[in-house]
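Taking it in order: structure first as structure tokens, then the write-up.
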Amino acid sequence: MADQIHNFKNLNLILKRIIDEIDVGLHVVDEKGNTIIYNQKMMQIESMDIHDVLDKNLLDVFRFTKEGDSTLVLALQEGKETRNVKQTYFNNKGKEITTINNTFPVIKDGEITGAVEIAKDVTKLERLIRQNISRRGNARYTFESIIGSSPPLLEVIENAKRATRTSSSVLIVGETGTGKELFAQSIHNGSIRSAAPFISQNCAALPDNLIESLLFGTKKGAFTGATEHPGLFEQAEGGTLLLDEINSLNPNLQAKLLRVLQEKTIRRIGDTKDTPINVRIIATINEDPIDAIANQHLRKDLFYRLGVVTLFIPPLRDRKADIPQLAKNFVDKYNELFQMNVREVDEQVMESFLAYEWPGNVRELEHVIEGAMNLIINEDSINYSHLPFQYRNKSKFKEVITSDSAIEQFMLNTAQPTVQLKEQMDMIEKYYIQKVLKTNKYNISATAKLLGISRQSLQYRMKKFNLQGNEGQ
């Protein structure tokens, strides 16, 4: 008897382990609708804890549009068995969940004693499909939206404009933040396809199993949970499909994409027939194609097929002449958004912009200006004190601070592990302003000029730190 009990406990542990390890959701209820089995995968799918569901009635935990929408309830009440049925419902926190279910009753001696549901999560895929269907015709930018007049940029713009005359594939090469999608949208809007859909998909944003379904579509019944859905190629019919970060696709998907480019047809997952497509492909890559091929991030044959037209977007460090124009554009943009009236970027700040290497390119410049304008109170220009700390820490501003050995010593003497960063920075700022005031014999105008800030900004800080000065010109 003891051996039987021991074996039963071992079997119970093994079954529990198997139930929690399988890659489908498992939900079992008794004849009253109370949950008796609820595995780990089901917890992930429904974003629930086992204690929220176990031993509780199904209809007390989950919300359905109507009772008949629950496949488990149908199995209990009507003994109905369902296969590959899509179900959308809400958990106890109001989160929408979509699953494909196989549900069946448990029958003993002709009586229904419970029901079992095996579920596959398609919540993310459903949401992505809805989002992508709504993205038709969302290309907002044209070549006039591209800011800058430096020779490297103008050359790329000219080549991109020439590419609008055909439907050849385009490969846009550029570092992160250089504006690759800006060029892609401009090419679409400058072509005869401008009235047709423009659909953009970041290939690095999704796992392989989802990106394949999203690109090529699915045939109903192709696999458990598969429904009839067009892919992005079909949705972009007559227009342009932008595949961002193409080098993040796995080699198998790259091979399928190559076939699409060559044959001008796609085949939905699970389908047996090919569908002709009329779609222009624009792809982007954030590394040198030669390096991508060498590192096996990009198939060589796909590169040759995509790069019929190849555009190399110059990084901001190679077109610094455009920085003043870009800065003005961003100041104007955030003046409108924030209801402000900032006129300019201070001369010393502009000098630091021109000296900086901008690893994040145009996007980083925009973020620096947006951050600075969040810190402006009454000033009408952006100065050093407004710049985000992370930029000041990397740029020449850091050299200005650390060049004074007295300040270095002050920082060493005052830095305390228990003092928060803002308090420590306030102490340093107070010391530095006090030092420059003393150097200029407490003349506010001369001090403000040396610090690169306005008189109003300096007066605000003097009041904040309780410092004295005079109004001499």
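The values are calculated or read from the model by the stated rules, or taken from the named source; none is laboratory data. These numbers were taken from a predicted model, which means no experiment stands behind them. No Cβ is skipped: glycine too gets one built from the backbone with ideal geometry, and neighbour counts run over all protein chains shown. Heavy atoms of the whole protein, side chains included, go into the accessibility calculation; ligands, DNA and RNA do not. Shrake-Rupley method; radii C 1.70, N 1.55, O 1.52, S 1.80 Å.
Can you name the residue in segment 216-239 that is modelled with pLDDT of 90 or more and open to solvent by less than 20 Å² (accessible area, probe 1.4 Å) and is also nearest to residue 121 (Cα to Cα) among such residues?
232
May I ask you to list the residues in segment 11-58 that are under 17 Å from residue 98 (Cα atoms), open to solvent by 20 Å² or more (accessible area, probe 1.4 Å) and of a type in the set (A, V, I, L, M)?
Matches in segment 11-58: 24, 26, 43.
Given the options 172, 187, name the one that is in contact (Cβ under 8 Å) with a residue 12 or more places away in the chain and in contact with a Lys or Arg (Cβ under 7 Å, 6 or more places away or on another chain).
Just one listed residue meets the conditions, 172.
Out of the residues in segment 439-455 that are among the β-branched types (Val, Ile, Thr) and either more than 13 Å from residue 348 (Cα to Cα) or over 46 Å from the mean Cα position of the chain (by Cα) (or both), which is most open to solvent (accessible area, probe 1.4 Å)?
Only one residue tops the list, namely 439.
Anything in segment 141-187 that is among the acidic types (Asp, Glu) and surrounded by 15 or more Cβ atoms within 10 Å (Cβ to Cβ)? List them, or say none.
175, 181
Quick check on segment 262-270. Is at least one of its residues farther than 22 Å from residue 218 by Cβ and outside any strand (DSSP E or B)?
So far as segment 262-270 goes, yes, one or more of its residues are farther than 22 Å from residue 218 by Cβ and outside any strand (DSSP E or B).
For residue 82, which of the numbered conditions (1) touching a strand residue (DSSP E or B) at 6+ places or on another chain (Cβ under 7 Å); (2) touching a residue at least 24 places away in the same chain (Cβ under 8 Å); (3) within 13 Å of residue 117 (Cα to Cα) fails to hold?
Every condition holds for residue 82 apart from (2).
So, of the residues in segment 283-333 that are of a type in the set (Phe, Trp, Tyr) and part of a helix (DSSP H, G or I), which turns out to be surrounded by the fewest Cβ atoms within 10 Å (Cβ to Cβ)?
304
Can you pull out every residue in segment 271-282 that is assigned to a loop (DSSP other than H, G, I, E, B) and over 13 Å from residue 232 (Cβ atoms)?
Residues satisfying the conditions are 271, 272, 273, 274, 278.
Residues to consider are 273, 264; find the one that is over 28 Å from the mean Cα position of the chain (by Cα), more than 29 Å from residue 190 (Cβ to Cβ) and not hydroxyl-bearing (Ser, Thr, Tyr).
The match here is 273.
Does residue 351 satisfy the criteria of being of a type in the set (Asp, Glu) and either under 22 Å from residue 337 (Cβ atoms) or at pLDDT 90 or above (or both)?
So residue 351 fails the test.
Only one of (1) in contact (Cβ under 8 Å) with a residue 12 or more places away in the chain; (2) assigned to a helix (DSSP H, G or I); (3) exposed (fewer than 15 other Cβ atoms within 10 Å of the Cβ) is not met by residue 4, so which one is it?
(1) is the only condition that residue 4 fails.
State all residues of segment 334-359 that are within 30 Å of residue 243 (Cβ to Cβ) and buried (at least 17 other Cβ atoms within 10 Å of the Cβ); if no residue qualifies, say none.
Answer for segment 334-359, where residues must be within 30 Å of residue 243 (Cβ to Cβ) and buried (at least 17 other Cβ atoms within 10 Å of the Cβ): just 358.
Which condition number does residue 199 fail, the rest of (1) β-branched (Val, Ile, Thr); (2) in a loop (DSSP other than H, G, I, E, B); (3) under 17 Å from the mean Cα position of the chain (by Cα) being met?
With respect to (1) β-branched (Val, Ile, Thr); (2) in a loop (DSSP other than H, G, I, E, B); (3) under 17 Å from the mean Cα position of the chain (by Cα), residue 199 is out only on (2).
Go through segment 59-80 residue by residue and tally those that are open to solvent by 50 Å² or more (accessible area, probe 1.4 Å) and among the β-branched types (Val, Ile, Thr).
Residues flagged as open to solvent by 50 Å² or more (accessible area, probe 1.4 Å) and among the β-branched types (Val, Ile, Thr) within segment 59-80 amount to 1.
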